[in-house]
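The values are calculated or read from the model by the stated rules, or taken from the named source; none is laboratory data. Only a predicted model underlies this, so the values are computations on that prediction, with no experimental measurement involved. Cβ coordinates were reconstructed from backbone atoms using ideal geometry, including for glycine residues, and neighbour counts include every protein chain displayed.
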Amino acid sequence: MSPARGLLIVISGPSGVGKDTLIQRLRELDPSLQYSISCTTRKPRQGEVDAINYFFVSRERFEDLIREGYFLEHAAYNGNYYGTPAAAVEKARAVGRDILLKIEVQGAEQVRKRAPDGLFIFIAPPSNEELVRRQELRQGADPKEDMAERRKIAETEMKLASQYDFVVINDDLERAAGEVLAIIRKARERQT
């Protein structure tokens, strides 16, 4: 008997809301969750490692991959491309692995069309002021001009939160991780 198909869990939210930290905590709490490594054309930030944080590729290579139909979704964000390799996601789900995707809202819309059975979770800040504070803490990681653009993008993204299945406010990491895990567990129960 083949295993049940794995869940496709889409995590989105504005830059600086804490998606990476939340996903890391989710994986610590539930090691069965697999993380989908995205491709990007942006330069690595300090401490990021190719094939662990992202697959860092040139713009030309990324555009070739788009033409080849390599991505489940792809989007341009703040002047760079980001995309999710489709085959890796499908392989994980086919063997019953639940897979986490951290993607921008425009990419999430593409995934919703191609995988309507996905679980779509929007991570929101407790307030706009807190989001700005978190983005400023990361300022060393991003050039100043990128910060202004990320704030504009965040305003647009926040307006789309209602299109998600769930909105989780990341005001406290442990509480937010617990809420997301409860959502995932309920989805697993519905599958069995």
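Annotations for the structure displayed:
- Segment 166-185 residues that are in contact (Cβ under 8 Å) with a residue 60 or more places away in the chain and farther than 11 Å from residue 121 by Cα, paired with ones that are among the charged types (D, E, K, R) and in a helix (DSSP H, G or I) (beta carbon under 7 Å, 6 or more apart): 173/25; 177/25
- Counted residues, segment 39-60 - those being surrounded by 14 or more Cβ atoms within 10 Å (Cβ to Cβ) and out of contact with any helix residue (DSSP H, G or I) (no Cβ under 9 Å at 6 or more places or on another chain): 5
- Selection status of residue 63, among the charged types (D, E, K, R), touching a strand residue (DSSP E or B) at 6+ places or on another chain (Cβ under 7 Å) and closer than 24 Å to residue 153 by Cβ: no
- Here is the figure for segment 161-186: residues that are part of a helix (DSSP H, G or I), under 20 Å from residue 103 (Cα atoms) and not hydroxyl-bearing (Ser, Thr, Tyr) total 10.
- One residue alone among 115, 88, 51 is closer than 18 Å to residue 34 by Cα, among the aliphatic types (A, V, I, L, M) and touching a residue at least 60 places away in the same chain (Cβ under 8 Å), and that residue is 115.
- Elements of type helices (runs of 4 or more DSSP H) in segment 71-150, at least 3 residues being closer than 20 Å to residue 61 by Cβ: 86-94
- As a summary of the residue check, residue 45 satisfies the conditions (1) touching a strand residue (DSSP E or B) at 6+ places or on another chain (Cβ under 6 Å); (2) charged (D, E, K, R); (3) under 25 Å from residue 148 (Cα atoms) except for the one numbered (1).
Condition check ((1) of a type in the set (Gly, Ala, Ser); (2) modelled with pLDDT of 95 or more; (3) under 26 Å from residue 183 (Cα atoms)) across all residues:
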| site | (1), (2), (3) |
| --- | --- |
| 75 | yes, no, no |
| 90 | no, yes, yes |
| 122 | no, yes, yes |
| 132 | no, no, no |
| 152 | no, no, no |
| 158 | no, no, yes |
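- Residue count for segment 1-38, restricted to those that are surrounded by 14 or more Cβ atoms within 10 Å (Cβ to Cβ), assigned to a loop (DSSP other than H, G, I, E, B) and of a type outside the set (A, V, I, L, M): 10
- Residues of segment 20-36 that are closer than 16 Å to residue 82 by Cα and modelled with pLDDT of 95 or more: 35, 36.
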